[in-house]
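Structure, as structure tokens:
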Amino acid sequence: MSVSRISTRVSTRAALAGGIALSSVVLLSGTAFAHVSVQPQGEAAKGGYATVNIKVPNERDNASTVKLEVNFPLDHPLASVMPQPVPGWKAEVTKSKLDKPLELHGKKINEAVSKVTWTADGSGIAPGFFQTFPLSLGQLPEDVDQLVLKSIQTYSNKEVVRWIEEQKEGAEEPQNPAPVLKLSAASDDHHGGGATAPSATATASASAGEKAGHDGKAGDHEEKTAGASSSDTTARILGVIGILVGVAGVAFGVLAGRRRSA
């Protein structure tokens, strides 16, 4: 068998294997990422406030998504849930009575947001596209590590997909998993601050260091200048040597070619 035939067979098999691998990646990515999900913009710390995005992909090729309902747990109620306006969608916030009043900023709150519903004014989310729905949430609970936001997606052909299945520890991902907002550890500043003023000792140390830096500035400058000059000279010498070597190599190649021709 000739070398060319072997090379052709190897190339064909490699291309086939690559195509299969690519198809598998596409199929798996479609299965793994085509869910309604929630992601914070930055941090969602316990006891604080956060802005999150509800991401809604369209999983159908013959219908558009025209409605989304996101439910909030009342066993860990949120006093404030505010949707950001989304062009082409109308948002409706629904509140429910609490069995146990919620205390926030010294005030007792008897009701909390139980769900937010977005309804398309136009064509909705077309096949092959996705839409994000931003929400401002707070105050986040301090006694849980996550919030499960069960959601319901409605298509233009009246099909309803319920993203309400909770992930169980050690089990495979359910077919229609509910979006889960992971909460990070509580910060000192619940509104996203957290920066503290420097201590007196740190300030004094910084001042002393700055003074020492000014005192030694001239000496440092001279050393840096000398070092830079030395480095520059070395670089020039190496550059000239490189050019000479290159010219010699070209000349050798030309002579070798002429000898072969002769």
Checklist entry - When both residues are 6+ apart or on different chains and their Cβ atoms are under 8 Å apart, which pairs have a first residue that lies in the stretch 65-82 and is open to solvent by less than 30 Å² (accessible area, probe 1.4 Å), and a second that is in a strand (DSSP E or B) and basic (Lys, Arg)? => result Val70/Lys115; Phe72/Lys115
Checklist outcome for this item: Listed by first then second residue, the pairs whose first member lies in the stretch 36-58 and is touching a residue at least 40 places away in the same chain (Cβ under 8 Å) and within 21 Å of Gln153 (Cα to Cα), whose partner is open to solvent by less than 40 Å² (accessible area, probe 1.4 Å) and not in a strand (DSSP E or B), with beta carbons under 6 Å and at least 6 positions apart or on separate chains, are Val36/Pro179; Ser37/Pro179; Val38/Leu149; Val38/Pro179; Val56/Val36; Pro57/Ala34
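The values are calculated or read from the model by the stated rules, or taken from the named source; none is laboratory data. These figures come from a predicted structure and were not determined experimentally. Because the Cβ atoms are built from the backbone with ideal geometry, glycine has one as well, and the counts that use them run over all protein chains shown. Side chains are part of the model used for accessible areas, which takes the heavy atoms of the whole protein and leaves out ligands, DNA and RNA. Shrake-Rupley method; radii C 1.70, N 1.55, O 1.52, S 1.80 Å.
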